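So the structure is just underneath, and the comments pick up after that.
We did not get these values from a lab; they are worked out from the coordinates using the rules stated. Bear in mind that the values here come from a model prediction, so they are computed numbers and not experimental data. Here the Cβ positions follow ideal geometry from the backbone for every residue, glycine too, while neighbour counts run over all protein chains shown.
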């Protein structure tokens, strides 16, 4: 099983537990069915380039994932490369007044071309590939904006590891709160 898939399963387990202790959370733990190769290629034509291998594999596993994290959905083949998401990403990058320390110098903080692969309806969360920064195996850097906090990860798998860390931190917070209430 690819590492991204293992991490994705760990996220699902963590989010299942989060929903048990905080049922009001806006997460959905059931993925969409996988996409066909034809649908993936059509999305790549819209984007104008081949997607990173890990996201192509993800799309074959799940053609997007509604309300994946913080109300943001991972985009499937029908929405990848749509102008709405490109405009959304551009607006978020343009509104960033100062670079986030993890993002490096301002020139890297505002990439000229990104490929958004996740967003929420409130415009507070965005996940985007930065194809101008590539790594071994043709993987692209990921830029994630969650509630005006930006982070960069070297791959889709690294991004998923970041989401898992946030889920685990939330669970730890719920456990600490339960312990305080029972003491």
Could you list 63, 87 in order of exposure, starting from the residue whose Cβ has the fewest other Cβ atoms within 10 Å? 87, 63
Using helices alone, I'd like the mean residue ellipticity at 222 nm for the chain: each DSSP H run of four-plus residues gives -39500 (n - 2.57), total over residue count, nearest 500. -14500 deg cm²/dmol
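Based on the Cβ-Cβ distance from residue 147 to residue 50, what FRET efficiency comes out when R0 is 35 Å, to the nearest 0.05? Display every interim value, and only then the final one.
Working: r = 31 Å, r/R0 = 0.90.
Efficiency, rounded to the nearest 0.05: 0.65.
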Largest fluctuation, 158, 137, 118 only, Gaussian network model of the chain with Cα springs under 10 angstrom, belongs to 137
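Quick check on the chain: what does the Kirkwood estimate of hydrodynamic radius come out to from the alpha carbon pairs, in Å?
When all Cα pairs of the chain are included, the Kirkwood radius is 16.9 Å.
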By the mean-Cβ-within-10 Å protection proxy, highest first, 42-51, 65-74 rank as 65-74, 42-51
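Remind me, relative contact order of the stretch 3-182 in percent, using alpha carbon pairs under 8 angstrom and six or more residues apart?
Details: 283 pairs, mean separation 37.7, N = 180.
In percent, rounded to a whole number, it is 21.
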